[in-house]
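Participant: Dropping the structure in here first, questions after.
The values are calculated or read from the model by the stated rules, or taken from the named source; none is laboratory data. Fair warning: this is a prediction, and the values are worked out from it, not measured in the lab. Glycine also receives a Cβ, built like all others from the backbone with ideal geometry; neighbour counts cover every protein chain displayed. Areas reflect the complete protein model, heavy atoms only, side chains present, ligands, DNA and RNA absent. Shrake-Rupley method; radii C 1.70, N 1.55, O 1.52, S 1.80 Å.
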Amino acid sequence: GAVVSQHPSRVICKSGTSVKIECRSLDFQATTMFWYRQFPKKSLMLMATSNEGSKATYEQGVEKDKFLINHASLTLSTLTVTSAHPEDSSFYICSAPPRVGGGTYNEQFFGPGTRLTVL
Amino acid sequence: AQSVTQPDIHITVSEGASLELRCNYSYGATPYLFWYVQSPGQGLQLLLKYFSGDTLVQGIKGFEAEFKRSQSSFNLRKPSVHWSDAAEYFCAVGARNKLTFGTGTQLKVEL
């Protein structure tokens, strides 16, 4: 099956700094990737849809300037948490649909997640 | 918009006992349905999926799920639970190119 990787798996940073999380599709191309946030003991909440070569689409209530998304290539999307604060601490998970363009995005392959802790 | 309800927040079963995790969805048409499992600190692993056809779906690790349109349900079952099945289980609906997750069911397995 399709493999999605994330880096780093765990990051601790000081309040006010920025943190970049990478999401890669290892054996397939993904024009679209998704970023989710999961609070402790909670479900996954879709934050934004990352589109290769164009702007990301953010869900209602997600700050675009706080969570910067760049989909630089067909295999890489990055999420940058800018000026991180303790309330940004969370588990961030990315996903990618298995087909490039024209197919349904209803099925997705998930990365292993990145645990962000902001001190 | 679609929604998913997992009524059971926690379930505890004895090893070797049968398991059923409930999932109800709300969507105007037949959606894509998924069950995922998440171990602590890990990403999501797909257990099984339903797109169309046979309403009884077989998945990995001995899991199965049955789609019941009349009840808008997609319950997950396993005839005999193993201690390694202890994890968080999420039901998800795929529609309009988005996945919507339920709140999850935490499964504990007593030895």
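Participant: Out of A:Thr80, A:Thr17, which single residue is part of a strand (DSSP E or B) and surrounded by fewer than 16 Cβ atoms within 10 Å (Cβ to Cβ)? It would help to see each step written out before you state the result.
Facilitator: Working: A:Thr17 fails: part of a strand (DSSP E or B).
Exactly one of A:Thr80, A:Thr17 is part of a strand (DSSP E or B) and surrounded by fewer than 16 Cβ atoms within 10 Å (Cβ to Cβ), namely A:Thr80.
Participant: Filter the stretch B:27-41 for residues that are within 15 Å of the chain's Cα centre (by Cα) and open to solvent by 50 Å² or more (accessible area, probe 1.4 Å); which is farthest from the other protein chains (Cβ to nearest Cβ)?
Facilitator: Selected residue: B:Ser39.
Participant: Now a separate question. Taking the residues in the stretch B:42-76 that are out of contact with any strand residue (DSSP E or B) (no Cβ under 7 Å at 6 or more places or on another chain) and not basic (Lys, Arg) as candidates, determine which candidate is least open to solvent (accessible area, probe 1.4 Å).
Facilitator: This residue is B:Gly53.
Participant: Could you please let me know if B:Lys108 is surrounded by fewer than 18 Cβ atoms within 10 Å (Cβ to Cβ), away from every other protein chain (no Cβ under 11 Å) and in a strand (DSSP E or B)?
Facilitator: On the way: surrounded by fewer than 18 Cβ atoms within 10 Å (Cβ to Cβ): yes; away from every other protein chain (no Cβ under 11 Å): yes; in a strand (DSSP E or B): yes.
Taking the combined requirement at face value, the residue satisfies it.
Participant: Can you tell me which residues in the stretch A:62-111 are charged (D, E, K, R) and at pLDDT 90 or above? Walk me through it before giving the result.
Facilitator: Taking the stretch A:62-111 first, the residues charged (D, E, K, R) are A:63-66, A:87-88, A:99, A:107.
Within the stretch A:62-111, A:Glu63, A:Lys64, A:Asp65, A:Lys66, A:Glu87, A:Asp88 qualify.
Participant: Still on this structure, I have one more. Given the conditions (1) within 14 Å of chain A (Cβ to nearest Cβ); (2) of a type in the set (Val, Ile, Thr); (3) assigned to a loop (DSSP other than H, G, I, E, B), report the number of the one that B:Val81 does not fulfil.
Facilitator: In the conditions (1) within 14 Å of chain A (Cβ to nearest Cβ); (2) of a type in the set (Val, Ile, Thr); (3) assigned to a loop (DSSP other than H, G, I, E, B), B:Val81 misses (1) alone.
Participant: Same structure, new question: Quickly run through the stretch B:1-24 and pick out the residues that are within 12 Å of B:Lys108 (Cβ to Cβ) and open to solvent by 40 Å² or more (accessible area, probe 1.4 Å).
Facilitator: Within the stretch B:1-24, B:Ile9, B:His10, B:Thr12, B:Ser14, B:Glu15 qualify.
Participant: For the structure I just gave you, tell me whether A:Glu59 is out of contact with any helix residue (DSSP H, G or I) (no Cβ under 6 Å at 6 or more places or on another chain) and modelled with pLDDT of 95 or more. Before the answer, list the steps.
Facilitator: Numbers: out of contact with any helix residue (DSSP H, G or I) (no Cβ under 6 Å at 6 or more places or on another chain): yes; modelled with pLDDT of 95 or more: no.
No.
Participant: Here is a follow-up. Taking the stretch A:55-77 as the search range and keeping residues that are open to solvent by 70 Å² or more (accessible area, probe 1.4 Å) and in a loop (DSSP other than H, G, I, E, B), which one is farthest from A:Leu116 (Cα to Cα)?
Facilitator: Applying the filter and picking the extreme gives A:Lys55.
Participant: Determine the pairs where a residue that is under 11 Å from A:Gly113 (Cβ atoms), located within the stretch B:31-42, has a partner that is of a type in the set (Phe, Trp, Tyr) with Cβ atoms under 7 Å apart, the partner being 6 or more residues away or on another chain.
Facilitator: B:Gln38/B:Phe90
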